[in-house]
Each structure stands twice: as C-alpha cells, then as structure tokens.
Amino acid sequence: MNNKSNRFAPLWMALCVVLGILVGTFYANHFSGNRLSIINSNGSKLNNLLHYVSDMYVDTVDMNDLVEKAMPQILSELDPHSTYIAAKDVQIANDDLKGSFSGVGIEFTIRQDTIRVQNVISNGPAERAGLVAGDKIVEVDDSVFVGKKVTNEEAMHRLKGPKDTKVKLGLIRYGEKKIRHVIVTRGEIPTKSVTACYMLDKETGYIKIKNFGENTYPELLIALAKLSQQGFSNLVIDLRSNTGGYLASAVQIANEFLSKGKLIVYTQGRKSPRQDYRSDGRGSYQNLPLVVLIDEGSASASEILAGAIQDNDRGTIIGRRSFGKGLVQQPIEFSDHSMMRLTIARYYSPSGRCIQKPYTSGADRDYEEDLLSRYQHGEFFSQDSIKHTGPEYHTSNGRIVYGGGGITPDIFVPEDTLGITSYYKEASMSGLIVQYAYQYTDENRAKLKELKDGKQLEAYLKRQNIIDKFATFADKNGLKRRNLMIQKSYKLLERYLYSRIIYNMLDEQAWTEYLNQEDPAIIQTLRLFHDGKAFPQPEKTEQPKKVAMAFDYRSTHASTILIAHA
C-alpha cells in the first residue's frame with residue numbers, strides 16, 4: 001500500500017502545483033483588475049511595434065535612436081517634471097548635485113565659436129598645467145575645436161573625463177599668435193552650492209545657496225561657523241534662483257533652525273505611503289532671527305525649506321512668489337546607464353498644503369509659459385496681482401497661507417523697473433553686455449589683476465567711462481546708440497557691466513556682494529532685523545481661535561534618495 005502511494009506522490013504534487021497556478025491566476029485576474037495583464041499586453045504591443053518597424057519598414061531605421069526619441073515623449077505625457085536623460089548626458093545632469101566632477105578645472109564661455117577661459121579654479125588641474133583666465137582653447141587632443149561644432153555640451157563632453165586621464169589642449173594667449181600646447185591631467189573638481197557667505201552689517205550674516213546637492217548641508221555648517229567667528233546675531237538665507245536638488249539636503253538645513261518635533265515636510269503618492277520628515281531638536285540655531293529670500297526662480301527643495309520656515313512661523317519669507325513645484329522625482333537607472341527621473345510623490349508643507357502649481361498631463365504650453373504669464377499679468381511688480389488658485393491653510397500661529405502655486409512671501413518686494421528702457425532690454429537680452437564685459441576684462445586683465453577685491457574694482461571701473469565704451473561697442477554690433485535711453489538706464493547698465501567684470505576677475509561671492517549693495521530685498525531684510533520683527537506674529541482676530549493641524553504626527557525615515565528639482 002505504501003509503495004502504491006509513493007508511486008502516485010509525484011502525480012499528486014504536480015496536480016497541486018497546477019491547481020495552485022490556476023487558483024492564483026483566477027484571483028490575480030479577478031481581484032487586481034487585470035492590471036498585470038494590461039501592463040504585459042501593452043508592453044508587448046510596444047515591443048511588437050518596434051519589431052514591425054525594424055523588420056518591415058520601407059527604409060533602414062536606427063532603432064536605438066528611435067527608442068531614445070520615444071522615451072522623453074512617453075514621460076512627457078505624465079507630468080512636467082518626469083524626464084528621461086540619455087546616457088551621454090547623465091554625468092552632466094548629476095554633476096551640480098554631486099558636489100564634485102572630474103575635469104580640467106576651468107569656467108569658460110563660448111564667444112565667436114571659441115572656448116574662452118573665464119576663470120581657472122585655484123590649485124586645480126588647469127592651473128597646475130599653466131592655463132590662465134583669458135586663454136582661448138582652439139584644439140582638444142590635436143583636433144581643431146573652433147566653429148559651429150563648439151557648443152556648451154560638446155565642450156563639456158571633451159573637457160570632462162575620468163580622473164587621472166589626460167587631455168591635450170591647444171591655447172592662444174592674449175597678445176600671442178602662436179598656439180601653445182599643454183597637457184592637463186583631469187582631477188576631481190569641487191562644485192559649491194553655498195556660493196557666498198559674508199556679513200551684511202555688524203549683526204547680519206548672509207548665505208547664498210545655489211542648489212541643494214550632496215554637500216550643501218556641510219557647506220552650510222562651515223558657512224555658519226565662519227559667520228559665528230564674526231559675531232552674527234541675525235541670518236538671511238538667499239534662495240533666489242535656486243531651482244532645487246536633493247530633498248534630504250533641504251530637510252537637514254531646516255532641522256538646524258527648528259525645535260524638536262516640528263514637521264518639516266511630508267511626501268505622499270499613489271504607491272508611496274506618507275513619509276514625514278521632522279526636526280530632531282539638535283539644531284544649533286533654533287532661536288536665531290531668520291529671513292529667507294525667494295523669487296520666481298526658487299523651486300522645489302527651495303520651496304521645501306521656505307515652506308518649513310513659513311508654516312512653523314520660524315522666520316520671515318521676503319521676495320516674490322516662488323516657482324510652484326511640489327512633485328518629487330526618484331532617479332532610476334537603466335542598463336545602458338541612461339536614466340529617468342520619475343515623479344513618485346507630491347510633497348506637502350507642514351500646514352498640509354501642496355505647493356505644486358496646476359498642470360495638465362502631456363505637453364502643457366501654459367505650464368511652460370507660467371512665469372512669462374505672471375510677468376505680463378504684473379505679478380512681479382504688484383502684490384495685488386498675485387492669483388491664489390489653491391485653498392487656504394494656516395501656519396502654527398494661525399496666519400493664512402495658500403496651496404496650489406508656490407510660496408507667497410510674507411513681505412513682497414517687487415522687481416525694480418526704474419530705469420528700464422527698450423535699449424537696456426535689448427542690450428541685456430542680446431548678450432551684448434556679457435560679451436563686452438568679457439572683452440573689456442580680457443583687454444585689461446593685467447591692470448585689473450592689481451585690484452584685490454570688488455570694492456577696488458568698482459572704484460576703478462567708475463573712472464573708466466565704461467558705459468560710453470559699451471555703447472560704442474554695441475553700436476558696432478547692431479544695437480543703435482540711443483543717448484537719452486542710455487542716460488535713463490545708466491545705473492542699470494553700470495550695475496550689469498560692473499557685476500560681470502567683477503565676476504570675470506574674481507568669483508561668485510564678489511559678484512554677489514556687489515549686486516547686494518543696492519538690492520531692495522536686502523534693504524528690506526536689514527530694516528526688518530533692525531526693527532526686531534524677523535519672527536512672524538500671530539494673526540490678530542476678534543476672538544482667539546485654535547488652529548487644527550490637518551496632518552498625522554508620525555515620524556518616519558526615508559530609505560531612498562529623492563530629487564526635488566525644477
């Protein structure tokens with residue numbers, strides 16, 4: 001009997017496996033909405049399409065190229081920020097956020113189809129090889145590199161490369177006609193996200209954050225330590241034109257200024273359960289008077305930080321309404337090292353508002369032109385022109401804030417239009433100001449090198465009749481001289497030209513310090529600190545009311561790198 005049972009055991013096991021498969025298929029089909037089969041069938045449909053094109057199309061088709069072109073189109077049907085990045089562009093896309101890249105160590109501009117070295121990074125590979133600001137790069141690895149093929153992307157592709165690899169450059173130096181050749185050994189080049197740190201006055205420290213990368217938080221701590229040595233008692237963080245970066249960096253920075261248990265931000269998506277990010281109480285600057293500057297170029301991670309400060313009534317937000325990006329992307333790499341950034345969640349500020357501005361799936365022209373629309377509507381010039389499309393929420397003190405379209409500042413500072421003329425607009429938008437600033441720097445580099453800081457440079461430039469020289473240059477390059485308009489826009493032209501020359505000769509900090517001297521937002525910030533009003537006050541109401549926070553106070557931890565980037 002036992003032998004007979006043993007003989008049929010394999011058969012019974014096989015029947016059980018088949019039965020299990022049938023039952024599993026039944027439940028999968030009836031209780032998952034056939035989603036798996038839909039994905040498989042549509043995936044097969046796409047595969048079949050590519051096979052048909054490859055096998056039957058009338059002409060030869062580069063299938064790899066076809067797929068590369070199709071990927072961005074597919075993702076563009078989802079939302080404005082899900083993107084595909086080709087393998088050749090991944091390194092460039094990530095460099096700004098990684099904190100360093102491997103290259104030769106120069107800042108360059110392209111003028112008249114030629115790479116012009118604008119700045120050489122101190123103690124970097126290029127400086128060690130003998131490059132100086134003003135050099136023109138005309139050859140790369142014994143190949144002529146001038147003309148229409150010289151694009152920003154192609155230049156970076158040729159100059160960047162793995163650490164310790166070599167690149168041979170052919171240079172023409174100002175005043176020389178013969179090409180000199182140098183070999184540069186590529187190395188790690190740091191990329192700074194904190195681009196300026198200095199004292200605005202005896203009490204007020206200033207920090208400019210360009211983006212939120214891997215090293216932004218430690219860079220911020222170094223900047224704060226530097227300001228501490230100078231005795232700062234107020235702080236302004238400038239996030240204007242900061243398009244975002246890593247969510248984690250924004251959370252770390254917010255944590256420095258918030259008391260324990262404060263909600264900083266939370267994320268949530270269809271397949272991404274709610275994730276709360278809270279302050280741990282270890283921040284060293286929880287009571288420091290704080291102002292955060294934003295504008296229409298401040299997006300994503302910038303809005304996370306500004307929203308956390310505003311909703312917790314921790315500091316004052318000054319400037320103009322931010323971009324309005326409340327979507328979070330996760331980077332996903334493919335086997336060929338290309339990558340997509342797929343939107344997996346929305347982020348919400350502590351009051352519960354999503355700051356994402358409205359959009360429609362697919363190519364959304366209105367979304368792309370939103371900032372232009374705001375400008376034309378007058379929002380950059382009048383607070384009353386701001387359109388709030390989202391619902392009202394409340395900060396911890398009961399102040400009203402709005403969702404659905406960026407962070408509206410507590411104190412509005414309009415764009416300065418005094419002195420703007422059609423001449424100035426054309427001079428700046430055509431690139432003539434930048435071109436002349438570079439030409440002037442190049443021709444006067446020996447003298448300008450004797451001037452050690454921005455103040456000395458500014459004082460020297462004021463004696464050089466720069467505006468008249470620029471007008472002559474512009475007239476020769478297609479912008480007719482308009483003396484009355486030039487006189488009306490004199491201050492703006494002077495400010496733009498001086499700032500570019502200072503940047504060419506020194507660095508981004510010197511450039512920022514110069515521009516901040518007469519900046520209306522900086523002036524408003526200093527006035528606020530002087531009046532002791534950096535901490536927002538509760539809304540005044542006839543009867544005290546309790547503010548109910550519409551969110552769960554559970555604390556969780558992130559397990560993946562999320563990108564909050566415009």
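The values are calculated or read from the model by the stated rules, or taken from the named source; none is laboratory data. The model shown is predicted, which means the values in this text are computed figures rather than measured ones. Cβ: placed from backbone, ideal geometry, glycine included. Neighbour counts: every protein chain shown. Just the protein is used for accessible areas: all its heavy atoms, side chains included, with ligands, DNA and RNA removed. Shrake-Rupley method; radii C 1.70, N 1.55, O 1.52, S 1.80 Å.
Please specify each residue of the range 222-246 satisfying the condition of being in contact (Cβ under 8 Å) with a residue 24 or more places away in the chain and open to solvent by 10 Å² or more (accessible area, probe 1.4 Å).
222, 226, 230, 231, 232, 233, 234, 240, 241, 243, 246
Results for (1) surrounded by fewer than 24 Cβ atoms within 10 Å (Cβ to Cβ); (2) not acidic (Asp, Glu), shown as yes or no for each residue.
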{"site": "299", "(1), (2)": "no, yes"}
{"site": "309", "(1), (2)": "no, yes"}
{"site": "313", "(1), (2)": "yes, no"}
{"site": "324", "(1), (2)": "no, yes"}
{"site": "328", "(1), (2)": "no, yes"}
{"site": "331", "(1), (2)": "yes, yes"}
{"site": "336", "(1), (2)": "yes, no"}
query: For the range 393-410, which residues satisfy the criterion of being within 21 Å of residue 315 (Cβ to Cβ) and either open to solvent by 60 Å² or more (accessible area, probe 1.4 Å) or more than 20 Å from the chain's Cα centre (by Cα) (or both)?
result: 393, 394, 395, 396, 397, 398, 399, 400, 401, 402, 403, 410
- request: Determine whether the range 339-358 contains at least one residue that is in a loop (DSSP other than H, G, I, E, B), under 23 Å from the mean Cα position of the chain (by Cα), farther than 30 Å from residue 385 by Cα and touching a residue at least 24 places away in the same chain (Cβ under 8 Å).
  value: no
message: When you check residue 469 against the structure, is it in a helix (DSSP H, G or I), in contact with a Gly (Cβ under 8 Å, 6 or more places away or on another chain) and either open to solvent by 30 Å² or more (accessible area, probe 1.4 Å) or free of Cβ contacts under 8 Å to residues at least 24 places away in the same chain (or both), yes or no?
response: no
message: Just to be sure I understand the filter: pairs with C-beta atoms under 7 Å, separated by 6 or more residues or on different chains, first member in the range 135-156 and more than 15 Å from residue 180 (Cβ to Cβ) and open to solvent by less than 60 Å² (accessible area, probe 1.4 Å), second member β-branched (Val, Ile, Thr) and modelled with pLDDT under 90. Which pairs pass?
response: 150/110; 155/110; 156/92
query: In this structure, is residue 164 of a type outside the set (Val, Ile, Thr), open to solvent by 40 Å² or more (accessible area, probe 1.4 Å) and on the phi < 0 side of the Ramachandran plot?
result: no
query: Counting just the residues of the range 347-389 that are open to solvent by less than 20 Å² (accessible area, probe 1.4 Å) and among the small types (Gly, Ala, Ser), which one comes out farthest from residue 311 (Cα to Cα)?
result: 362
task: Go through the range 130-158 and count every residue that is assigned to a helix (DSSP H, G or I) and closer than 25 Å to residue 501 by Cα.
output: 4
message: On the basis of being more than 29 Å from residue 531 (Cα to Cα) and either among the hydroxyl-bearing types (Ser, Thr, Tyr) or touching a strand residue (DSSP E or B) at 6+ places or on another chain (Cβ under 7 Å) (or both), does residue 270 make the cut?
response: no
query: Of the residues 208, 202, which single one is modelled with pLDDT of 95 or more, more than 28 Å from the chain's Cα centre (by Cα) and either buried (at least 16 other Cβ atoms within 10 Å of the Cβ) or not β-branched (Val, Ile, Thr) (or both)?
result: 202
message: Looking only at residues that are touching an Asp or Glu at 6+ places or on another chain (Cβ under 9 Å) and assigned to a loop (DSSP other than H, G, I, E, B) in the range 520-541, which one is surrounded by the fewest Cβ atoms within 10 Å (Cβ to Cβ)?
response: 537
